[in-house]
Amino acid sequence: MNSATSQHNSKQDNSSQHNSKRGPVVGVFDSGFGGLTVLRALLPRIPAANYVYLGDTARLPYGAKSQATIARYAVESARFLEDRGCEYLVIACNTATALALEDIRQAVSVPVLGVIEPGARAAKRTVAEPGGDVLVLATAATVQSHAYREACAAVGLRATEVACPLLVPLVEEGWTNHPVTREVLRIYLSQALAKCAPQAVLLGCTHYPLIADAIEQTLRELGSDAVVIDSAEATAEAAEAALTSTIAVSMPASSATFECFATDSVEKFQRLGSLFLRRPIGQVHHLDLGG
Ligand code: DGL
């Protein structure tokens with residue numbers, strides 16, 4: 001059978017006790033496929049872990065929804081991953097991190113890492129001068145939350161946040177190198193560069209790493225030499241540090257395993273997800289989280 005429908009509250013038999021002979025079980029959550037760019041960074045960095053990835057593809061996009069809806073969806077997803085035996089959660093979705101990180105932390109009893117603080121810290125490493133300008137490209141909900149502005153201010157950077165709502169559907173369509181996407185980028189970036197002169201451009205949405213080259217090229221065409229930052233690597237680094245200190249698991253020498261759950265079509269997840277993960281995705285389990 002190609003897919004198996006799983007119940008929201010089904011606990012795996014092995015979920016309650018940590019077995020020191022195996023690596024940690026790490027849950028990675030995104031509203032869809034984009035978080036696979038974070039999983040891609042995690043796999044080589046913490047190869048002893050067993051990953052459970054959940055893409056809430058049936059309810060994507062989160063980026064145009066209200067805080068209450070995003071929090072409800074994200075909490076349900078995080079609870080599923082905890083019930084599945086995950087000992088550590090990576091919220092590999094900027095929108096869920098921006099709008100629901102505290103709700104998720106209160107709803108589960110395992111440590112939870114978001115992508116925004118690691119992203120801001122990565123920008124700090126790139127922007128040498130204090131008070132330097134960072135341009136954050138993100139979904140409308142993330143921009144409205146000003147989570148990036150606060151995280152950047154906490155490390156001494158000034159962030160200009162710009163919503164780019166057309167980019168997620170273009171990436172979902174596979175138009176990563178399409179003239180329409182380039183034109184849309186040119187419009188968004190020229191409007192953004194009229195407001196600030198950034199030294200770094202932070203990709204504040206997990207879909208954007210797939211068009212990082214096009215973003216960089218468009219910046220150059222518009223006369224900006226800003227460095228493009230993808231927070232996936234910084235998030236994986238933070239997860240590695242937390243896993244070796246916070247839950248202090250032994251890391252056996254083994255290669256990472258991952259299993260994927262999607263709330264919509266498993267075929268689409270396999271096809272599109274392989275682009276984000278840059279490796280074939282085998283079986284994907286269907287999960288029904290309700291409406
Ligand atoms: N994963 C979301 C993010 O990183 C983008 C897709 C969506 O809007 O759900 O913000």
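The values are calculated or read from the model by the stated rules, or taken from the named source; none is laboratory data. Worth saying up front: this structure is predicted, and the values here are computed from it rather than measured. As a convention, Cβ positions derive from the backbone with ideal geometry for all residues, glycine included, and neighbour counts pool all protein chains shown. For the accessible areas, the whole protein counts, side chains as well, though only heavy atoms, and no ligand, DNA or RNA atoms are used. Shrake-Rupley method; radii C 1.70, N 1.55, O 1.52, S 1.80 Å.
Taking Cα atoms, how many degrees apart are the long axis of helix 67-83 and the longest axis of the chain, rounded to 10 and kept between 0 and 90?
Tilt of helix 67-83: around 40 degrees.
Using 0.36 nm per residue of separation minus the Cα-Cα distance, give me the extension gain between Thr257 and Val155 in nm, one decimal.
Working: separation 102, 0.36 × 102 = 36.72 nm, distance 3.47 nm.
My answer for the length gained is 33.2 nm.
If the reach is capped at under 12 angstrom between alpha carbons, list the aspartates and glutamates near Lys124, excluding any in the same chain fewer than eight residues apart.
Asp133
Taking 25 Å as R0, compute the FRET efficiency from the Cβ-Cβ separation of Gln144 and Ala107 and round it to 0.05. Don't skip to the answer; put the middle values down first.
Details: r = 22 Å, r/R0 = 0.90.
Rounded to the nearest 0.05, the efficiency is 0.65.
Can you tell me the convex hull volume per residue for the chain, based on C-alpha atoms, in Å³ to the nearest whole number?
Working: hull volume 35.4 nm³, N = 291.
Measuring per residue, one finds 122 Å³ for the Cα hull of the chain.
Round to a whole angstrom and tell me the spacing of the C-alpha centers of the stretch 128-199 and the stretch 54-93.
Centre-to-centre distance over Cα atoms comes out at 23 Å.
In degrees, nearest 10, range 0 to 90: what is the angle between the Cα axis of helix 179-193 and the longest Cα principal axis of the chain?
In the chain, helix 179-193 runs at an angle near 70 degrees to the longest axis.
If I stretch the segment between Ser190 and Ala128 completely, what's the gain in nm (0.36 nm per residue apart, minus their alpha carbon distance), one decimal? Show your work: numbers first, answer last.
Details: separation 62, 0.36 × 62 = 22.32 nm, distance 2.39 nm.
Between Ser190 and Ala128, full extension yields an extra 19.9 nm.
Place a label point 7 angstrom from the Cα of Thr69 along the Cα-to-Cβ direction, then list the residues of the stretch 112-145 whose backbone nitrogen is under 14 Å away.
140-142
Tell me what the chain gives for mean residue ellipticity at 222 nm when only DSSP H runs of n ≥ 4 count, each as -39,500 (n - 2.57), the sum divided by the residue total, rounded to 500 deg cm²/dmol. Could you put the intermediate results ahead of the total?
On the way: 11 runs with 124 residues, N = 291.
Result for the chain: -13000 deg cm²/dmol, rounded to the nearest 500.
Out of the total accessible area of the chain (probe 1.4 Å, heavy atoms of protein only), what percent is carbon and sulfur? Let's see the in-between values first.
On the way: 6100 of 12170 Å².
Carbon and sulfur: 50 percent of the exposed surface of the chain.
So which aspartates and glutamates pass the test for Lys65, namely a Cα distance under 17 Å, with those fewer than 8 places away in the same chain ruled out?
Candidates past the 8-residue exclusion: Asp30, Asp56, Glu76, Asp103.
Separation between the Val180 and Asp288 pseudo-spin-labels, each 7 Å from Cα along Cα→Cβ, expressed in nm?
Placing both labels 7 Å beyond Cα along the Cβ direction yields 3.4 nm.
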